[in-house]
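Enquirer: Structure incoming, see below.
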Amino acid sequence: MKRSFYAGSTAVVTGAGGGIGRQLAVQLAEAGAATILVDVDAEKAGETRDLVARTGGKAVAVVADVTDVGRMAEVAAEVEARVGGVDVLINNAGRLYYGGVVESEPSDFDAVMRANFGAAVVSTKAFLPAVLRSKQGRIANLSSAYGLIGLGGAAPYTAAKFAIRGFSESLRSELRSHPNVAVSCVYPGGVKTGIAWSALAAAGVDATAAAERFDRQVARTEPVQAARVILRGIAHGHSRILIGPDALLADTVARIAGGRYEQLIRLIVRG
Ligand SMILES: NC(=O)c1ccc[n+]([C@@H]2O[C@H](COP(=O)([O-])OP(=O)(O)OC[C@H]3O[C@@H](n4cnc5c(N)ncnc54)[C@H](O)[C@@H]3O)[C@@H](O)[C@H]2O)c1
């Protein structure tokens with residue numbers, strides 16, 4: 001049998017307590033990686049660790065807010081001392097947000113940028129030295145289909161996910177002189193996780209109605225399938241990893257229609 005890319009590696013997954021992150025953890029462990037599961041929610045991180053252990057995999061759960069620079073420096077030092085290195089870093093932690101420019105305050109933009117873009121930056125800075133030392137290092141950042149196109153109603157989230165895309169592409173270019181390391185940016189369309197129910201929201205926005213709409217109309221891909229595509233893309237060192245037909249559509253339409261993609265998308269969605 002072909003040896004998995006991940007066999008014998010050490011992988012850090014942020015936001016591993018649920019959704020896509022949990023499936024990434026399980027599949028990484030199945031592929032032979034030792035996993036470090038970082039989540040702000042102790043109970044959820046523990047559940048993922050137990051799930052990995054039940055399938056015979058190796059996992060350590062670490063409770064940390066990945067936007068906290070000091071805490072993440074501690075976590076990186078702890079991992080260094082206990083495990084000695086990191087090969088794969090998946091910056092998956094993030095929060096959805098409901099609200100456009102009109103209803104969002106500058107403080108909402110700050111909070112959403114921090115929860116998504118900030119999380120990827122802080123975690124990357126903490127683990128980059130370790131990944132650079134790996135023989136086959138990988139960094140993957142979770143953007144979104146909202147990192148490919150901007151539609152109304154989610155400007156702070158869209159801006160944060162576009163920022164993750166710019167950060168990833170810049171880092172990839174910066175690391176050209178490190179052929180042992182590849183950087184991927186992941187663009188999922190709607191995935192069936194609990195993300196809609198822990199979303200941040202602008203004042204006055206009905207978050208429950210928005211979450212119900214998300215589950216009904218947006219979430220299409222199973223997290224198991226999303227994790228499979230992500231791990232395959234990371235192993236191959238792909239710079240862009242698209243998840244689901246909706247992300248594929250967003251990417252294609254943005255390329256074909258250029259500045260007029262919004263009209264084309266509205267036409268397609270209306271049927
Ligand atoms: N689900 C989707 O439809 C979808 C679509 C596009 C992009 N994404 C992105 O994929 C990533 C994972 O999404 P998901 O749907 O699995 O989300 P989820 O809400 O199901 O799980 C996210 C996990 O991250 C943890 N987390 C959040 N902020 C954290 C922080 N600051 N520090 C530590 N842990 C934190 C949460 O506790 C939770 O366990 C996110 O970045 C999200 O923006 C998701």
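The values are calculated or read from the model by the stated rules, or taken from the named source; none is laboratory data. No experiment lies behind these values; they were computed from the predicted model shown. We place every Cβ from the backbone using ideal geometry, glycine too, and count neighbours over all the protein chains shown.
Enquirer: Looking at segment 157-173, can you tell me whether even one residue there is in a loop (DSSP other than H, G, I, E, B), crowded, with 18+ Cβ neighbours inside 10 Å and within 15 Å of the ligand (Cβ to nearest atom)?
Expert: The answer is no, given that none of the residues of segment 157-173 is in a loop (DSSP other than H, G, I, E, B), crowded, with 18+ Cβ neighbours inside 10 Å and within 15 Å of the ligand (Cβ to nearest atom).
Enquirer: Tell me whether segment 21-32 contains one or more residues that are more than 15 Å from ALA130 (Cα to Cα), in contact with a strand residue (DSSP E or B) (Cβ under 7 Å, 6 or more places away or on another chain) and away from the ligand (no atom under 15 Å from the Cβ). Working first, answer last.
Expert: So the first thing to find is which residues in segment 21-32 are more than 15 Å from ALA130 (Cα to Cα), and the list is 21-32.
Then keep just the ones that are in contact with a strand residue (DSSP E or B) (Cβ under 7 Å, 6 or more places away or on another chain); that gives 21, 24-25, 28-29.
Those left that are additionally away from the ligand (no atom under 15 Å from the Cβ): 29.
Yes - at least one qualifying residue is present in segment 21-32.
Enquirer: Pick from segment 1-20 the residues that are hydrophobic (A, V, I, L, M, F, W, C) and either surrounded by 16 or more Cβ atoms within 10 Å (Cβ to Cβ) or closer than 22 Å to ASP68 by Cα (or both): which of them is farthest from the ligand (Cβ to nearest atom)? Before you say what the answer is, go through the steps one by one.
Expert: Just the residues of segment 1-20 that are hydrophobic (A, V, I, L, M, F, W, C), to begin with: 1, 5, 7, 11-13, 16, 20.
Narrowing further to those that are either surrounded by 16 or more Cβ atoms within 10 Å (Cβ to Cβ) or closer than 22 Å to ASP68 by Cα (or both): 5, 11-13, 16, 20.
Values: PHE5: 21, ALA11: 16, VAL12: 12, VAL13: 10, ALA16: 7, ILE20: 4 Å.
That would be PHE5.
Enquirer: Related question: If you check ALA209 against the conditions, is it more than 28 Å from ARG22 (Cβ to Cβ) and more than 14 Å from the chain's Cα centre (by Cα)? Can you show your working first?
Expert: On the way: more than 28 Å from ARG22 (Cβ to Cβ): no; more than 14 Å from the chain's Cα centre (by Cα): yes.
Considered against the rule, which asks whether it is more than 28 Å from ARG22 (Cβ to Cβ) and more than 14 Å from the chain's Cα centre (by Cα), ALA209 comes out as no.
Enquirer: Being surrounded by 21 or more Cβ atoms within 10 Å (Cβ to Cβ), within 12 Å of the ligand (Cβ to nearest atom) and over 17 Å from GLY99 (Cβ atoms) narrows it down to one of GLY189, GLY194, so name that one.
Expert: Details: GLY194 fails: surrounded by 21 or more Cβ atoms within 10 Å (Cβ to Cβ).
Among GLY189, GLY194, only GLY189 is surrounded by 21 or more Cβ atoms within 10 Å (Cβ to Cβ), within 12 Å of the ligand (Cβ to nearest atom) and over 17 Å from GLY99 (Cβ atoms).
Enquirer: Mind listing whichever residues of segment 32-66 are of a type in the set (D, E, K, R) and surrounded by 19 or more Cβ atoms within 10 Å (Cβ to Cβ)? Write out each step before concluding.
Expert: First, pick out the residues of segment 32-66 that are of a type in the set (D, E, K, R): 39, 41, 43-44, 47, 49-50, 54, 58, 65.
Listed by number, the residues that qualify are ASP39, LYS44, ARG49.
Enquirer: Which pairs turn up if I take residues in segment 146-167 that are within 12 Å of PHE109 (Cβ to Cβ) and look for partners that are away from the ligand (no atom under 11 Å from the Cβ) with beta carbon separation below 6 Å, at least 6 apart in sequence or on another chain?
Expert: Short answer, once both residue conditions are applied: ALA155/GLY100; ALA155/VAL101; PRO156/SER104; PRO156/ASP108; PRO156/PHE109; THR158/GLY150; ALA160/MET113.
Enquirer: Which of the residues spanning segment 80-102 are closer than 14 Å to VAL13 by Cβ and within 15 Å of the ligand (Cβ to nearest atom)?
Expert: Answer for segment 80-102, where residues must be closer than 14 Å to VAL13 by Cβ and within 15 Å of the ligand (Cβ to nearest atom): LEU89, ILE90, ASN91, ASN92, ALA93, GLY94.
Enquirer: Within segment 142-183, how many residues turn out to be modelled with pLDDT under 95 and more than 28 Å from VAL101 (Cβ to Cβ)?
Expert: 0
Enquirer: In addition: Can we say ARG95 is crowded, with 24+ Cβ neighbours inside 10 Å, on the phi < 0 side of the Ramachandran plot and not aromatic (Phe, Trp, Tyr)? Outline the logic, then answer.
Expert: Details: crowded, with 24+ Cβ neighbours inside 10 Å: no; on the phi < 0 side of the Ramachandran plot: yes; not aromatic (Phe, Trp, Tyr): yes.
So ARG95 does not fit the description; no.
Enquirer: OK, next. Pick from GLY84, GLY46, GLY70: which is at positive phi and more than 19 Å from the chain's Cα centre (by Cα)?
Expert: GLY84
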